[in-house]
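Scroll down for the structure; my scribbles are underneath it.
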Amino acid sequence: MIGRFNMAKKGLLVVLACLASLFLFNCNVGLGNSVDTTPPNVSITSPEKSAIIKNTFTVKGTSTDETYIKSVSVTLTSLADKTISYGPFTANVDKTAGTWEAVINEFNNGKFKIPDGEYGVTVTAIDSASRTSIAESVYVIDNTSPVVIIKRPGLNDTFGRTIKITGDISDSNS
C-alpha cells in the first residue's frame, strides 16, 4: 500500500510540475494578431485641405489596422446649412497597400450631384471589430464655369491687319 501511495504522489508531482512550467516559461500562446484591440488609423491624402474642386473628383487616403479594414466611407456636409449632406460614398479599399479612394460628385443628367459651396468632409474607417475612426477636411466645390464676355471686336467692327480682342472674365473662385 505504501508503494501505491508513493506512485500516486509521484504522479501528482509530475502533473503539478507540468502546470507550473506553463506559468513559469514565457511562451507565445494566444490568438496573436487575429484579435482586434485598437481602432483603425485613417487619413486623407488628396485633395489637400481647403482645396477648390471643380467637377468630379477623387478623395484618397490611407487606412491601417492590426487586422483589416472592413470599410471606408466619405460624407460631405454643407457648412452653410448643416442639415444638407451628401453620401456616404463607399470607398474602394486596397487592404494590401493600406489605401482607399472614393469618386465624388459624378456628372449625371446634365449636372453634378453636389452644388457649389463649402463642405466639411468626414471619412469614416471601420475595422474588423466594428471600431471606427474618422478623418476630416474642408473643400470648396465650384462646378460653375467662369463667365467670359468678349467686348471687341464687335459685330459692326471692320477688320484690318491687326485684331485687338478685349473682354472680361469672372469666376467666384480665383
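The values are calculated or read from the model by the stated rules, or taken from the named source; none is laboratory data. Predicted, not measured: the structure shown is a model, and the values here were computed from it. Backbone-built Cβ (ideal geometry, glycine too); neighbour counts: all protein chains shown. The accessibility values were calculated without ligands, DNA or RNA, using every heavy atom of the protein model including side chains. Shrake-Rupley method; radii C 1.70, N 1.55, O 1.52, S 1.80 Å.
Could you tell me how many of the residues in the range 104-122 are β-branched (Val, Ile, Thr) and open to solvent by 70 Å² or more (accessible area, probe 1.4 Å)?
Matching residues across the range 104-122 total 0.
For the range 42-54, check the following and say yes or no: at least one residue is of a type outside the set (D, E, K, R) and more than 30 Å from Asp171 (Cα to Cα).
Yes - at least one qualifying residue is present in the range 42-54.
Tell me the residue from Ser128, Ser133, Ser137 that is open to solvent by less than 50 Å² (accessible area, probe 1.4 Å), more than 18 Å from Phe89 (Cα to Cα) and among the polar types (S, T, N, Q), please.
The match here is Ser128.
What pairs come out if I take residues in the range 46-62 that are charged (D, E, K, R) and pair them with residues that are surrounded by 13 or more Cβ atoms within 10 Å (Cβ to Cβ) whose C-beta lies under 6 Å away, six or more apart or interchain?
Listed by first residue and then by second, the contacts come to Lys49/Ser137; Lys54/Asp142; Lys60/Thr45; Lys60/Glu101.
Do you know which residues across the range 119-153 are of a type in the set (S, T, N, Q) and touching a residue at least 60 places away in the same chain (Cβ under 8 Å)?
Passing the criteria: Thr124, Ser128, Ser130, Thr132, Ser133, Ser137, Asn143.
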